[in-house]
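Each value in this text was obtained by applying a stated rule to the coordinates, not by laboratory testing. Source: prediction; values computed, not measured. Quick reminder, even Gly has a Cβ in these numbers, built from the backbone with ideal geometry, and neighbours come from all protein chains shown.
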Amino acid sequence: MASLRDYFSLDIGIDLGTANTLVYVRGKGIVINESSVVAIDNRTKAILAIGDEAKKMVGKTPAHITAIRPLRDGVVSHFEVTEEMLRYFIEKVSTSRLRRLLRPRVLVGIPYGVTEVERRAAEEAALAAGAGQVYLIEEPIAAAIGANLPIQEATGSMIVDIGGGTTEVAVISLGGVVTSRSLRIAGDEMNEDIINFARDHFNILLGEKTAEEIKIKIGSSFPLSSPLRTIMRGRDLLTGLPKEIEITDEPIREALEKSISVIVETIKATVEEAPAELVADIMEQGVVLTGGGSLLRGLDKRIAEATNIKVYVSKEPLTAVVRGTGLVLEDLGNLRDVLLPSTLANVYK
């Protein structure tokens, strides 16, 4: 009977990110990659849209509709909304009636160093959303597994995962984190840097989505061989009317410098804290970047110059964490030791 249950039930890995939620189903791979946004009618408290459909509403809703992100800095900030978002994604992949009845095992990636209260919130939200069992894994570990680093060997591996809400920097050996820093400066903070720069230098008010588009189009952290240009459109703070200007990569690089320099200094500090033998391994293997922030132009060169260590952007960096959760689910017997102990051990086995 147990084998029949195992055959029909789902094992789901979730990268519950500030900006995007990705879902991996054992045996199928990544099946969902949508925005971590929920649109709510403030009058009725009804949920109007979840995921990419809700993201389309950001900054464009009437007063009675709010499009919110239920996670901040990688942790649950709106419990009930997170629960509804997780339920939506879990039900979306539970395609048969039997699979809906057999509550799935769910593995959730969370930032390194979160408090027990924040860990409990992630577990309880997943259970309330329909999970039968919930496991947690630290995102640096999941990202390293997804990037195919030899984390279970007696050698040092270094991962830098730059997501929407957090930057996770970790040195890993023998299946565990030896030294790590978790920084709540990442992609969202970079968007905010661009918004502040446009306001302070050009008297233009930008929306978050516009700032992100500018970052993707021309953002960089290292001088480029040929300049990039785009149009910055927003509201003129002096006249209140629409305004647009052409802007190059250089001022945007200046805008991003505040966040980038903190990330680089955090990476350097983590290297300095690592044991000498592991630093030698890292110098040989290099530092691996994952997450959406790793795609910022020239970031690998900037980090390499600051640390004197080779730096690589992993293959498919946007999906490293969720692929790591999937690999753990596919081989749970051998990789169970990388999971965090449950804060709800008395609730389920």
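Points to keep in mind about this one:
- Size descriptor, Kirkwood hydrodynamic radius, that averages inverse alpha-carbon separations across segment 26-130, Å: 14.8
- Percent of Cα-Cα distances greater than 16 Å, calculated over segment 266-327: 50
- Sequence-distant aspartates and glutamates (8 or more away, or on other chains) whose Cα lies within less than 17 Å of Lys243: Asp200, Glu208, Glu213
- Dipole of the chain [Lys/Arg +1, Asp/Glu -1 at C-beta], most positive-end residue of Met85, Ile303, Met283: Met85
- With the simple spin-label model, which puts each label point 7 Å out from Cα in the Cβ direction, the Leu48 to Lys315 separation comes to 4.3 nm.
- Between the C-alpha center of segment 133-162 and that of segment 217-287 there is a gap of 24 Å.
- The calculated 222 nm mean residue ellipticity attributable to helices in the chain amounts to -12000 deg cm²/dmol, summing -39500 (n - 2.57) over DSSP H runs of n ≥ 4 and dividing by all residues.
- Computed Rg/Rh of segment 187-255, alpha carbon atoms with Kirkwood Rh: 0.95
- Within a straight-line Cα-Cα reach of under 16 Å, Lys217 can be paired with the following lysines, leaving aside sequence neighbours fewer than 8 residues apart in one chain: Lys209.
- Under 5 Å from the amide H of Tyr135 lie the amide H atoms of Val106, Leu107, Val108, each residue being 5 or more positions distant or on a separate chain, with H modelled from the backbone and absent for Pro and chain starts.
- Alpha carbon centroid spacing (whole Å) that separates segment 102-117 from segment 32-98: 18
- Rg(Cα)/(2.2 N^0.38 Å) for the chain, N = residue count: 1.03
- Placing +1 on the Cβ of every Lys and Arg and -1 on the Cβ of every Asp and Glu, with nothing else charged, gives the chain a dipole about its Cα centre of roughly 1280 debye.
- In a reduced charge model with +1 at each Lys and Arg Cβ and -1 at each Asp and Glu Cβ, segment 162-222 shows a dipole moment near 120 debye about its Cα centre.
- Ordered by the count of other Cβ atoms within 10 Å of each Cβ, fewest first, Asp236, Asp249 give Asp236, Asp249.
- For segment 94-172, Kirkwood radius (reciprocal of mean inverse C-alpha pair distance, Å): 14.2
- Debye log10 I(q)/I(0) at q = 0.15, 0.21 Å⁻¹ for segment 125-276, Cα point scatterers: -0.86, -1.18
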